Amino acid sequence: MPNLIVRLAAVLAMVCAPAFAQDQEADPPYHLALETAVGAGELDRLEGWQEALPDAVADLGEAPEQHIAEAAAQVLALVNMETRPLGDPGDIVGDWSARTLLVDGLGAYSYPYFPARIYREGRALVFDKNSGSQRHRGLMADTGQDRYLFAGALYYRDEEPRLHSAHMAGSPDPERDALAWVYRLAPDHYLMAFAPRGGQHRLYELRR
């Protein structure tokens, strides 16, 4: 854990340095630095998720297992909700409850809520879900298009937290990289839609 904190502090120092070197209004938007770090090819994986996910649910057919059918219905209801403007930048900061919804070739699954939090570090936001068996940590930025960009990494309960490969020194693992769009559904309700990977679609539903 201390090593990751040192790396995260170093990453944030680099991406936030222009804020101290220039007038804030002269700075390019922070999301441009994040997009440049992860690369256009990676960002392309995020596009089209809204069309691909319902198709993946439809491919499940009439699932005989009730829990799969219920999870599929929850996924569709969530992705069909109207998104709202992000509002005040401070609205998303704080403690959250996050649950995972997954869709893959075998079914759809929903999991219980676990604690998560979002906090500020310089010009960046940090998303940190460090509970449950599957966890994510990474940087977030307002894209100016009523959605945040998240660039982080997946790690497991018995592992040290990771960051996106673009922000890891020494032991990057692109297979663990995770990108997501984060949308506001209501004042205390957000949707985090991850880029599909290996035929798997992942959502986080965030609630206060």
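So, in segment 144-174, exactly how many residues are closer than 19 Å to S133 by Cβ and either assigned to a loop (DSSP other than H, G, I, E, B) or in contact with a helix residue (DSSP H, G or I) (Cβ under 9 Å, 6 or more places away or on another chain) (or both)?
Applying the first criterion (closer than 19 Å to S133 by Cβ) to segment 144-174 yields 152-162, 173.
Keeping just the survivors that are either assigned to a loop (DSSP other than H, G, I, E, B) or in contact with a helix residue (DSSP H, G or I) (Cβ under 9 Å, 6 or more places away or on another chain) (or both) gives 152-155, 157-162, 173.
Here the count works out to 11.
Here is a check on your reading of the model: is L60 at pLDDT 50 or above, in a loop (DSSP other than H, G, I, E, B), touching a helix residue (DSSP H, G or I) at 6+ places or on another chain (Cβ under 7 Å) and within 16 Å of R202 (Cα to Cα)?
Yes.
Condition test on L53, is it among the aliphatic types (A, V, I, L, M), outside any strand (DSSP E or B), within 18 Å of F194 (Cα to Cα) and under 17 Å from the mean Cα position of the chain (by Cα)?
Yes; evaluated as a whole, the condition is true for this residue.
Tell me which of these E160 doesn't satisfy, since it passes every other one: (1) in contact with a Leu (Cβ under 9 Å, 6 or more places away or on another chain); (2) exposed (fewer than 14 other Cβ atoms within 10 Å of the Cβ); (3) within 19 Å of Q200 (Cβ to Cβ).
(3) is the only condition that E160 fails.
What are the residue pairs meeting all of these: first residue in segment 36-56, first residue closer than 22 Å to H164 by Cβ and in contact (Cβ under 8 Å) with a residue 40 or more places away in the chain, second residue among the small types (G, A, S) and part of a helix (DSSP H, G or I), Cβ atoms under 8 Å, and 6 or more apart or on different chains?
From segment 36-56, the pairs are A37/A166; V38/A166; G39/A166.
Go through segment 145-187 and give me each residue that's small (G, A, S) and within 17 Å of V38 (Cβ to Cβ).
Matches in segment 145-187: A151, G152, A153, S165, A166, A169, A178, A180.
Which of the residues belonging to segment 134-183 are small (G, A, S), modelled with pLDDT under 95 and at negative phi?
Selection gives S165, A166, A169, S171.
Quick one: in segment 16-30, of everything that is under 26 Å from A195 (Cα atoms) and open to solvent by less than 30 Å² (accessible area, probe 1.4 Å), which residue is modelled with the highest pLDDT?
Checking each candidate, the answer is Y30.
Which residue is farthest from the chain's Cα centre (by Cα), if the candidates are limited to segment 82-120 and must be of a type in the set (D, E, K, R) and over 15 Å from A186 (Cα atoms)?
D104
With respect to the numbered conditions (1) open to solvent by 60 Å² or more (accessible area, probe 1.4 Å); (2) touching a residue at least 40 places away in the same chain (Cβ under 8 Å); (3) in a helix (DSSP H, G or I), which one is the sole condition not fulfilled by M81?
(3)
Residues in segment 103-141 that are in a strand (DSSP E or B), open to solvent by less than 70 Å² (accessible area, probe 1.4 Å) and not basic (K, R): how many?
Going through segment 103-141 one residue at a time, the tally reaches 20.
Kindly indicate whether E42 is assigned to a loop (DSSP other than H, G, I, E, B), modelled with pLDDT under 90, under 25 Å from L206 (Cβ atoms) and under 18 Å from the mean Cα position of the chain (by Cα).
For E42, the condition - assigned to a loop (DSSP other than H, G, I, E, B), modelled with pLDDT under 90, under 25 Å from L206 (Cβ atoms) and under 18 Å from the mean Cα position of the chain (by Cα) - is not met.
The values are calculated or read from the model by the stated rules, or taken from the named source; none is laboratory data. This structure is a prediction, so every number in the text was calculated from the model and none was measured. Cβ: placed from backbone, ideal geometry, glycine included. Neighbour counts: every protein chain shown. Keep in mind that these areas ignore ligands, DNA and RNA; they rest on the heavy atoms of the full protein, side chains included. Shrake-Rupley method; radii C 1.70, N 1.55, O 1.52, S 1.80 Å.
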